[in-house]
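FYI, it's all coordinate maths here, none of it is from the lab. Just so you know, these numbers come straight off a predicted model, no measurement behind them. Virtual Cβ from ideal backbone geometry, glycine too; neighbours counted across all protein chains shown.
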Amino acid sequence: MEETPGAPEQGSDGKPIPPMLIEAVRYAEDRHWEVVPGSWLIEQDGPARCSCGDPHCPLPGAHPVDEDWRHRASAGPGVVRRWWTENPHASILLPTGRVFDVLDVPEVAGCLALARMERMGLQLGPVVAAPAVPGLHGRRLHFLVLPGVLAKLPELLRRLGWAPGRLDLFSRGEGEWIVAPPTRVGPHSYVRWARPPSTLNRWLPDAAELISPLAYACGREAPPAYAPQPPQPAVVR
Ligand SMILES: [Zn+2]
């Protein structure tokens, strides 16, 4: 599934297939991940704004658009193909708490942890690199892990000596989502893969396998009086 540079893929009519459609269908078809279309950025006469119409939207072009998005999410390639054929600009949202959860950390700490995990020979899953969202958070890395993290993360951290909320390290599970590559979330910002899905990382690690290097890296980066805030509000507009 790695990105291959070159000519854009073409449909049967000879026209290029929108990249968002290609990737959304790949997630559903190759990984059996549920996907759901979200809001998107509109550029007309000025800076990009969110399709939801709220000029103060906290997550422009990167949030669910329906209250029932959890139920709409689908891993059916045909449904997914139809959604992005109808709107090739829609962001690609991946619900967490289904086939994977996410460990969400600052990019600097995440990169440090990634290097350490690779030295340790740990089995890694895909890792998403999310751009900064002004006013909310800086750049983040999302480590995909087996579901069930939400309930056990506090205990995993406590065993490593970290009190709940002490680290800028969050889990995303049931009822939440992440934004998937190649969604655009700012004038020049795209969500991308730090470690793309491949045949080598089809089996996801358990959070317990990654938590030690992640907590260590986040602890190194944490200021003494750090008071973390969840990096992404659960907005639906
Ligand atoms: Zn919006």
Please give, to one decimal in nm, the separation of the simple spin-label points placed at ARG220 and ASP54, each 7 Å out from Cα toward the Cβ.
3.7
Filter the trypsin sites (Lys or Arg not before Pro) in segment 143-225 down to the DSSP loop ones having no more than 13 other Cβ atoms within 10 Å, then list what survives.
ARG202
Select from segment 28-74 those GluC sites (Glu not before Pro) which occupy a DSSP coil region and have at most 12 other Cβ atoms within 10 Å, ordered by residue number.
GLU43, GLU67
State the extension gain, in nm to one decimal, for the chain segment bounded by ARG116 and VAL99, taking 0.36 nm per residue of separation less the distance between their alpha-carbons.
3.6 nm
What translational D, rounded to a whole number of µm²/s, comes out for segment 80-183 from Stokes-Einstein when the hydrodynamic radius is the Kirkwood one over Cα pairs, at 20 °C and 1.002 mPa s?
142
Percentage relative contact order, segment 19-221, counting C-alpha pairs under 8 Å, at least six apart:
27
Using a ≥ b ≥ c from the Cα gyration tensor of segment 37-136 (square roots of the eigenvalues), is it rounded, prolate or oblate, where a/c under 1.5 gives rounded and otherwise the larger of a/b and b/c decides, a/b for prolate?
oblate
For the chain, what percent of Cα pairs sit more than 30 Å apart?
25
